[in-house]
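Worksheet for the structure shown next.
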Amino acid sequence: MLLPRLMLSASLAGIMVLGAGLAAGQEYPNRPIRIVTSAPGGGNDFTARLIAQGLTGGSLGQPVVVDNRGGGVLPGQTVLQAPADGYTLLVAGSSFMIGHLLEESPFDPEKDFSPVCLAATTPNIVLVHPSLPVKSVKELIALAKARRGELNYATTSPGSVPTLAAELFKAMAGVNIVAVNYKGSAAITTAILSGEVQLTFADVNLQAPHVKTGKLRSLAVTSATPSALVPGLPTVAASGLPAYEAIGMTRILAPAKTPGAIMTRLNQEVVRYLNRPEVKERFLKAGSEIATSSPEELAATIRSDIAKWGKVIKDAGLKVD
C-alpha cells in the first residue's frame, strides 16, 4: 500500500504546484511593473518607453515605468538581482548577448534570464563608396577575391552588430577585406564619404540621406528577407550568399524562473500592443521592424544566435581591447 500512497502524494503535490502557478498568473499584476534598460536616447530606451506607454492603463491594470541604468552590464545586473515575480523586466539589444560571448558580462543570457518575447529587429545595409566599381554583392565578392586584402571596411567595436555582419560576410564569401576601426558612427560616415574606406555595414536610417544623394551606394540589406526600411533593396542572401543574415535584435527578458503563467500573460500583452499598425509605423520611422515571438521561439533564437555568433567571434579572433 506504500507505493500507491506515495503516488497519490506526488500527484497532489503536482496539483498544488500547478495551482500555485495558475493563481500567481491570475493575481498578477497587483502593483507597478518596472522595465529596466540602458541609457536614455538609444534604441533600447525607445522600445522600453513605447512598451511602457502602451501597457500602462491597458488590461494589466497597473502602471509600467522605465528604469534607465546606463550602459554596459548594469541593466542586466539589476534584473538579475530582482525577484523572479514578473515585476522587473529587461529590454536589451544584441550587445547584451555579444558581451557574454566576448566575456564582458558576468551573466549568461540563456541561463540567467527567462525570455518574454522578441520585440524588434534592425538590419544593416552594405554600403560602398561610389568609386568602387561594384553595383551588387556578387560584384563586390568578385572584386574582393581579385584584390585580396586590398579592400577595407569601416567598423567600431568588435562587439557591434556591423562588425559581426562584416565578419560573417567575409567567412561566408571567402574574402579578405580589412577592418579599419573608428570611434563611433560619425567617424565612420566621414571616412566612407571621403573614400578613406571602401565599404561598411551600416545603420539604415543613419546613411539613408547619403544614399539618396548618390554620395554612397547601397548594395543589399542584411536581413534574411526584404526589409520595409529599404523597399526594393535585395538581401545579401538573395544576392550571392544564401542563408546570410545579420541583424540587431531587441529582446524583452525577465529573471530566470519567473512563473510560466506570468510569462504567458506578459507575452500576450506585449505582443498585442507591438502588433498595432500605429506602433509598427513608429518603429519603422525609428529604423527598426516589429518582430514578435513566443517565449519558446525567443529561447530558441537565443540558443542559435549564441552558437552562430560565438563561432564568428572565435574564427575571426575578435577580442575587446
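Each value in this text was obtained by applying a stated rule to the coordinates, not by laboratory testing. Remember, it's a predicted structure, so these values are computed and weren't measured experimentally. Heads up, the Cβs are rebuilt from the backbone with ideal geometry, glycines too, and the neighbour counts pull from every protein chain shown.
A few notes on this one:
- Considering the range 72-219, its Cα convex hull presents a mean projected area of 10.1 nm².
- Stokes-Einstein diffusion coefficient of the chain, Kirkwood radius over Cα pairs, 25 °C, 0.890 mPa s, in µm²/s: 116
- With 27 Å as the limit on Cα-Cα distance, the pairs of LYS183/LYS212; LYS145/LYS212; LYS183/LYS319; LYS145/LYS314; LYS111/LYS170; LYS212/LYS285 that go past it are LYS145/LYS212; LYS111/LYS170.
- Normalised by the number of residues in the range 56-208, the mean separation of alpha-carbon contacts (under 8 Å, six or more apart) gives a relative contact order of 24 percent.
- 11 Å beta-carbon shell around ILE177, net charge (K/R +1, D/E -1): +2
- Simple label model, 7 Å out from Cα along Cβ direction - SER136 to LYS311, nm: 2.7
- Within the chain, percent of DSSP bridges classed antiparallel, to nearest 5: 60
- Computed [θ] at 222 nm, deg cm²/dmol, the chain (DSSP H ≥ 4; -39,500 (n - 2.57); rounded to nearest 500): -14000 deg cm²/dmol
- Amide H contacts of ALA179 (H built 1.01 Å from N, under 5 Å, at least 5 apart or other chain): TYR153
- Net dipole in debye of the chain [+1 Lys, Arg Cβ; -1 Asp, Glu Cβ; about Cα centre; nearest 20]: 480
- Helical segments meeting 30 Å axial Cα length and Kyte-Doolittle 1.0 threshold in the chain (DSSP H): 2-27
- Rounded Å value of the spacing that divides the Cα centres of the range 45-98 and the range 288-312: 18
- Rounded to the nearest 20 debye, the dipole size of the range 124-239 about its Cα centre is 220 debye, using +1 on the Cβ of Lys and Arg and -1 on the Cβ of Asp and Glu.
- Taking all Cα pairs closer than 8 Å and separated by 6 or more residues, the relative contact order of the range 124-239 comes to 39 percent.
- Once exposed loop GluC sites (Glu not before Pro) are cut out (DSSP; at most 12 other Cβ, 10 Å), longest piece of the chain: 151-321
- FRET E, pair ARG147, GLU196, Förster distance 22 Å, beta-carbon r, rounded to 0.05: 0.85
- Take every DSSP beta bridge whose two residues both sit in the range 124-239; close to 55 percent of them are antiparallel.
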